Amino acid sequence: MADALELHEGEVVEKEFKSDYWEKTLCFYSQKRGKYWLTNQRIIFRGGFATILEIPYADIESVQLCNVGGLVQIIPTGIKVTLKSGKSYKLSVTKRKEILAFIQEKI
């Protein structure tokens, strides 16, 4: 399925895995199931056939562990990605410490 991604020139997929993305809607978060690709240039999340999220590593200010969930965020699988613009995203992944370290190496 990585073949279906539109990669930039020189971009290579380094990690690929199924997981979730938590999107804030109004007062709570909703869960989107899909697949992540971590390339040498950015984070890509696709739910179904649509690319929902693309985050270039150059735009990331910080990453940290967090909990995820709907109204009560108690699931310990999250990584909060904060951009230099102040916008943030919550990724939900297994082996989150490994994924966090991978992203930290890229920023």
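The values are calculated or read from the model by the stated rules, or taken from the named source; none is laboratory data. Since this is a predicted model, take the numbers as computed values, not measurements. Note that each Cβ is placed from the backbone with ideal geometry, even for glycine, and that neighbours are counted across all protein chains shown. In case anyone asks, the SASA skips ligands and DNA or RNA and just uses the protein heavy atoms, side chains included. Shrake-Rupley method; radii C 1.70, N 1.55, O 1.52, S 1.80 Å.
Tabulated data for the structure shown
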item	result
Pairs where the first residue, in the range 29-42, is touching a residue at least 40 places away in the same chain (Cβ under 8 Å) and within 18 Å of G69 (Cβ to Cβ) and the second is aromatic (F, W, Y) and open to solvent by 10 Å² or more (accessible area, probe 1.4 Å), C-beta under 6 Å, 6+ apart	Y29/W22; Q31/W22
Residue within the range 65-75 that is among the aliphatic types (A, V, I, L, M), open to solvent by 30 Å² or more (accessible area, probe 1.4 Å) and outside any loop (DSSP other than H, G, I, E, B) present	yes
Criterion (in contact with a Lys or Arg (Cβ under 7 Å, 6 or more places away or on another chain), loosely packed, with under 13 Cβ neighbours inside 10 Å and on the phi < 0 side of the Ramachandran plot) met by exactly one of K35, K18	K18
Options S19, S85, S30, S92; residue that is of a type in the set (S, T, N, Q) and modelled with pLDDT under 85	S30
Candidates L91, L83, L100, filtered to the one that is surrounded by 12 or more Cβ atoms within 10 Å (Cβ to Cβ) and in contact with an Asp or Glu (Cβ under 7 Å, 6 or more places away or on another chain)	L83
